[in-house]
Amino acid sequence: MRIGFRADEYDRMERFFNGGENKGGFKIPTWCNTYGSKQMHHETFDWRFCHMPLIKNRIEKRHVQDYWKHNGWLGGNLFEERRQIEFPPISNCVGCFHKKPETLATECIINPAKMRWFARQEQLGKGTWLDNKMSYDSIMANKETLSAERIHEVNAGYSCESEGCGT
């Protein structure tokens with residue numbers, strides 16, 4: 001399995017291999033007791049063998065952006081048209097509920113209208129979407145304090161830390 005983590009996303013690779021429940025393996029039931037507690041017995045299997053070509057070839061965010069800047073093309077017909085790609089500073093998931101408050105505060109500075117939408121949904125009684133139960137309003141109110149260090153990391157090729165969806 002080829003994983004598309006860049007060389008400047010070393011932290012994502014570390015979490016990929018060292019984090020999570022399975023830590024690279026997949027735990028499945030292999031047999032059950034037919035007596036006593038009838039408990040299932042599990043074994044861990046390696047279900048993927050990963051290769052990270054972007055890290056191996058030292059490809060960083062700037063290389064990807066430069067490639068598409070020079071290879072993007074405007075024009076052509078409906079089926080052949082390619083467009084310039086606009087890369088988001090952190091990720092496409094602006095208000096992701098898995099993100100840390102510091103990252104969401106940075107998103108408040110970068111995408112204020114989108115973050116106001118998330119705050120509005122909470123005000124409409126939808127509840128908070130965040131894992132840490134912090135509200136979007138409180139993050140927006142403290143955005144300068146929370147995002148002070150993070151804004152510099154974003155400009156240096158920072159990646160999303162959530163890993164909730166694999167992006």
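Please enumerate the residues belonging to the range 87-122 that are of a type in the set (K, R) and either crowded, with 22+ Cβ neighbours inside 10 Å or in a helix (DSSP H, G or I) (or both). Reasoning before the result, please.
First, the residues of the range 87-122 that are of a type in the set (K, R): 99-100, 114, 116, 120.
Correct list: K99, K114, R116, R120.
For every residue, the table says whether it meets (1) under 28 Å from M13 (Cβ atoms); (2) in contact with a Gly (Cβ under 9 Å, 6 or more places away or on another chain); (3) modelled with pLDDT of 65 or more.
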{"site": "R116", "(1), (2), (3)": "no, no, yes"}
{"site": "N132", "(1), (2), (3)": "yes, no, no"}
{"site": "D137", "(1), (2), (3)": "no, no, yes"}
{"site": "A141", "(1), (2), (3)": "no, no, yes"}
{"site": "S147", "(1), (2), (3)": "yes, no, yes"}
{"site": "E153", "(1), (2), (3)": "yes, no, no"}
{"site": "Y158", "(1), (2), (3)": "yes, no, no"}
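Among the residues of the range 51-69, how many are part of a loop (DSSP other than H, G, I, E, B) and without any contact (Cβ under 8 Å) to a residue 60 or more places away in the chain? Before you say what the answer is, go through the steps one by one.
Initial filter on the range 51-69 (part of a loop (DSSP other than H, G, I, E, B)): 52, 57-60.
Retained after the next criterion (residues that are without any contact (Cβ under 8 Å) to a residue 60 or more places away in the chain): 52, 57-59.
The number of residues fulfilling the criteria is 4.
Just for the range 39-50: of the residues that are in a loop (DSSP other than H, G, I, E, B) and not hydrophobic (A, V, I, L, M, F, W, C), which one is modelled with the highest pLDDT? Show your work before the answer.
Residues of the range 39-50 in a loop (DSSP other than H, G, I, E, B): 39, 47-50.
The next check asks that each one be not hydrophobic (A, V, I, L, M, F, W, C); those that pass are 39, 48.
Numbers: Q39: 77, R48: 72.
Of everything passing the filter in the range 39-50, Q39 is modelled with the highest pLDDT.
If Q121 meets every condition in (1) modelled with pLDDT of 75 or more; (2) over 22 Å from A141 (Cα atoms) apart from one, which number is that one?
(2) is the only condition that Q121 fails.
Listed here are the residues, each with its yes/no results for (1) more than 29 Å from F87 (Cα to Cα); (2) at pLDDT below 80.
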site: D11; (1), (2): no, yes
site: G19; (1), (2): no, yes
site: S37; (1), (2): yes, yes
site: M52; (1), (2): no, no
site: I59; (1), (2): no, no
site: D66; (1), (2): no, no
site: N71; (1), (2): no, yes
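The values are calculated or read from the model by the stated rules, or taken from the named source; none is laboratory data. Everything quoted here is computed from the prediction, not taken from an experiment. Ideal geometry is used to build each Cβ from the backbone, glycine not excepted, and the neighbour counts take in all protein chains shown.
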